[in-house]
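Quick one: the structure is below, and I'll ask about it shortly.
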Amino acid sequence: MPDAQETVLEINLNALKDNFEYLKSRIPKETRFLAVVKAFAYGHDAIKTAQFLEQLGVDYFAVAYTSEGLALRKAGIKTPILVLHPQVVNFSNLIEGCLEPSLYNANVLRQFIAVAEQKSLHNYPIHVKFNTGLNRLGFWENDVDLVLNELSKTKAVQVKSIFSHLAASEDLDEKSFSEQQIASFKKTANAMIEGLGFKPILHMCNTSGLLNFPQAHFDMVRSGIGLFGFGNSKKENKNLKPIASLKSVISQIHQIENGESVGYNRAYSAKGFTQTATIPIGHADGIGRQYGNGKGFVTIGGKKAPIIGNVCMDMIMVDITDVACKEGDEVIIFDRDNTAENFAGTANTISYELLTAISPRVKRIYIGDSF
Ligand SMILES: *Cc1c(COP(=O)(O)O)cnc(C)c1O
C-alpha cells in the first residue's frame, strides 16, 4: 500500500471477515446472524459492506431508516432487511423495496396494516418491537393483548420476529438490569407466541449482548460495532480487529516563534519555537471541534502529534516540534494500533460516534478482497 496522498478511510475486508467469524463462533450454529449496517455501515459504506457480508452468508440486515434499506436494494442486496425506525410517511416505499418494518406502537402498527391492506398484501413480514427498559421505542409488556387483537383482524401482515433491545449490555455493573430485561422479554415473547399460535424469530442482543449474555441469544443476534472491530471491553477488543484506518498527509509545515498563534481565533499560542503541520481533514470530514486544543492527536512516523488550536472545517494543525517529518508524509488519525476507540476517547466520545461521523467526502479504499 503506498502512502496516502490525500485523506482516505482504508477498510480491510479480511478483518471484517475475521470479525464476522469470531462473532459467529460465539453463538450456536443454528442462531441467525443479523448485521446492522445503518448509518453507512457505521461509516464503512453500507453497500460495499453489505455486499461482502451477503457473500459471507449473513441471514439478515438491519438499517435505521427506509432510505438506507432502499439504497441496499438498489445495489442488488437480496437478503431480508429489517428497518429499525421506519417513519409512517415511508411505509409505501418500504413495501415497494421489500423491506421489513419494526413496528413499535399501536399507531404505527395500525397505519402499517392499513397500507398493507390497501396494497392487498398477504402475510407481509413485520417485526414487533417491545420495550423492556431502554424506554426508547417499543410496545410495553401489557400491550400484548392490543397487538394480538390488531393482528387478529387482518391477513395482510404476519409477525416474522419479536424483539427487544438491551439498555446496558456492555456494562457489567448493570448486569442485573439486563437480566431483568431478558426475563421481561421472555415473558412477553411467550405471551405473543401463545396468542399467535406460532413462534416467530426472537432476538434481543446487540454486539455486547451477544458477547456478555449467551442466555439472551434466542434465535438471532444483531451485531453492528463488533463487525467493525470493537467489543466495548478490553478483553473483547483483543478478539476483534478494527477494520478501518483513517489516514491523511502533511500539506504544509510552518516554523513559528514564541507568542505567535495558530488557527482561527488565535486559540493556540506558541510557548517557544514550534513546528506545525497542516493536514487536510477537518470538522466537515468528521473530526469535530472537540478534538482540538490539545485533546486529540495524530501519529506521524510512529510519533504523537497533538492537534493544536481550533479544528477548521477542512484542516487541522498539529504540533510536530519533536517529530521528524516532511511535507507529503503520511499521517494516521486512527488505525489498528491507535484505534478509533482511543481517538474518540481523547474527546470523551465513543467509536460509534467517530466512525459514523466520517463524511462521504472522505474517500473509502478497500483492501483484502475484490469484487
Ligand atoms: C444499532 C443497533 C444495534 C447494533 O448495536 P451494536 O452495539 O453496534 O452491535 C442492534 N439493535 C438495535 C435495535 C440497534 O439500534
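So, residue 49, is that one open to solvent by 10 Å² or more (accessible area, probe 1.4 Å), among the β-branched types (Val, Ile, Thr), within 15 Å of the ligand (Cβ to nearest atom) and at negative phi or not?
On the way: open to solvent by 10 Å² or more (accessible area, probe 1.4 Å): no; among the β-branched types (Val, Ile, Thr): yes; within 15 Å of the ligand (Cβ to nearest atom): yes; at negative phi: yes.
So residue 49 fails the test.
Still on this model: Which residue is farthest from residue 354 (Cα to Cα), if the candidates are limited to the stretch 12-44 and must be in contact with a strand residue (DSSP E or B) (Cβ under 7 Å, 6 or more places away or on another chain) and among the charged types (D, E, K, R)?
Only one residue fits best here, namely 32.
If you go through the stretch 138-152 one residue at a time, do you hit one that is small (Gly, Ala, Ser), at pLDDT 95 or above, in a loop (DSSP other than H, G, I, E, B) and within 16 Å of the ligand (Cβ to nearest atom)?
The first filter runs over the stretch 138-152 and keeps only residues small (Gly, Ala, Ser), leaving 138, 152.
The next check asks that each one be at pLDDT 95 or above; those that pass are 138, 152.
Then keep just the ones that are in a loop (DSSP other than H, G, I, E, B); that gives 138.
This time we only want the ones that are within 16 Å of the ligand (Cβ to nearest atom), so: 138.
Scanning the stretch 138-152 turns up at least one residue that is small (Gly, Ala, Ser), at pLDDT 95 or above, in a loop (DSSP other than H, G, I, E, B) and within 16 Å of the ligand (Cβ to nearest atom).
For residue 135, all conditions in the list (1) within 15 Å of the ligand (Cβ to nearest atom); (2) part of a strand (DSSP E or B) hold save one; what is the number of the exception?
Among (1) within 15 Å of the ligand (Cβ to nearest atom); (2) part of a strand (DSSP E or B), the lone unmet condition for residue 135 is (2).
Which of the following residues is within 16 Å of the ligand (Cβ to nearest atom), surrounded by 17 or more Cβ atoms within 10 Å (Cβ to Cβ), within 29 Å of residue 316 (Cβ to Cβ) and not aliphatic (A, V, I, L, M): 263, 209, 224?
Values: 263 fails: within 16 Å of the ligand (Cβ to nearest atom); 209 fails: within 29 Å of residue 316 (Cβ to Cβ).
Among 263, 209, 224, only 224 is within 16 Å of the ligand (Cβ to nearest atom), surrounded by 17 or more Cβ atoms within 10 Å (Cβ to Cβ), within 29 Å of residue 316 (Cβ to Cβ) and not aliphatic (A, V, I, L, M).
Check residue 98 against each of (1) buried (at least 21 other Cβ atoms within 10 Å of the Cβ); (2) touching a residue at least 24 places away in the same chain (Cβ under 8 Å) and name the one condition it does not meet.
Condition (1) is where residue 98 drops out.
Within the group 284, 347, 277, 305, which residue is out of contact with any strand residue (DSSP E or B) (no Cβ under 8 Å at 6 or more places or on another chain), small (Gly, Ala, Ser) and not in a loop (DSSP other than H, G, I, E, B)?
On the way: 347 fails: not in a loop (DSSP other than H, G, I, E, B); 277 fails: out of contact with any strand residue (DSSP E or B) (no Cβ under 8 Å at 6 or more places or on another chain); 305 fails: out of contact with any strand residue (DSSP E or B) (no Cβ under 8 Å at 6 or more places or on another chain).
None of the other options fit; the residue is 284.
Any chance the stretch 118-125 includes a residue that's in a helix (DSSP H, G or I) and at pLDDT 95 or above? Explain how you work it out, then say what you get.
From the stretch 118-125, those in a helix (DSSP H, G or I) are 118; that's our starting set.
Checking the rest, the ones that are also at pLDDT 95 or above come to 118.
The answer is yes, given that some residue of the stretch 118-125 is in a helix (DSSP H, G or I) and at pLDDT 95 or above.
The values are calculated or read from the model by the stated rules, or taken from the named source; none is laboratory data. Keep in mind that what you see is a predicted model, and the values were worked out from it rather than measured. Please note: Cβ atoms are built from the backbone with ideal geometry, for glycine as well, and neighbour counts cover all protein chains shown. For the accessible areas, the whole protein counts, side chains as well, though only heavy atoms, and no ligand, DNA or RNA atoms are used. Shrake-Rupley method; radii C 1.70, N 1.55, O 1.52, S 1.80 Å.
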